[in-house]
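Each value in this text was obtained by applying a stated rule to the coordinates, not by laboratory testing. The structure displayed is predicted, hence computed values, not measured ones. Don't worry about glycine lacking a Cβ; one is built from the backbone with ideal geometry, like all the others, and counts go over all protein chains shown.
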Amino acid sequence: MQWVLELKMAGVQIIWFDADLAAAREKYLSRPSGDVSLFDAQIERIKRTKLPEGLDAISIKTLSAKGRFHSFKYISAKIFGY
């Protein structure tokens with residue numbers, strides 16, 4: 001997570017891709033190599049560092065609670081404002 005903070009300090013506009021955690025975990029588990037301990041460890045690191053709090057990031061929810069991904073068009077509009 002340190003590299004995210006370093007990018008922010010360098011002036012980069014951070015874009016934080018968020019998701020419903022339960023749905024994201026299910027998607028992760030559905031992968032052939034989905035080792036749930038890796039997913040859980042990453043989520044724990046994010047929670048411990050409280051990211052994206054304090055980053056002034058553009059935050060975009062990419063996966064709904066129903067397990068549906070938003071379209072590229074939707075995500076682009078959130079990033080670029082069109």
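Here are a few things to note about the model shown:
- Scope the range 63-74; condition assigned to a loop (DSSP other than H, G, I, E, B) and either β-branched (V, I, T) or under 12 Å from L21 (Cα atoms) (or both); matching residues: S64, A65, K66, G67
- Enumeration of residues in the range 58-67 that are of a type outside the set (G, A, S), surrounded by 11 or more Cβ atoms within 10 Å (Cβ to Cβ) and over 19 Å from V12 (Cα atoms): K61, T62, L63
- With respect to the conditions (1) loosely packed, with under 12 Cβ neighbours inside 10 Å; (2) over 27 Å from G11 (Cα atoms), G81 falls short on a single one, namely (2).
- I60 being within 15 Å of the chain's Cα centre (by Cα) and not in a helix (DSSP H, G or I): yes
- Residue count, the range 17-57 (criterion: assigned to a strand (DSSP E or B) and either of a type in the set (F, W, Y) or loosely packed, with under 11 Cβ neighbours inside 10 Å (or both)): 1
- Taking each residue of the range 27-49 that is hydroxyl-bearing (S, T, Y) and looking for partners that are assigned to a helix (DSSP H, G or I) with beta-carbon atoms closer than 6 Å, six or more apart or interchain, yields Y28/F39.
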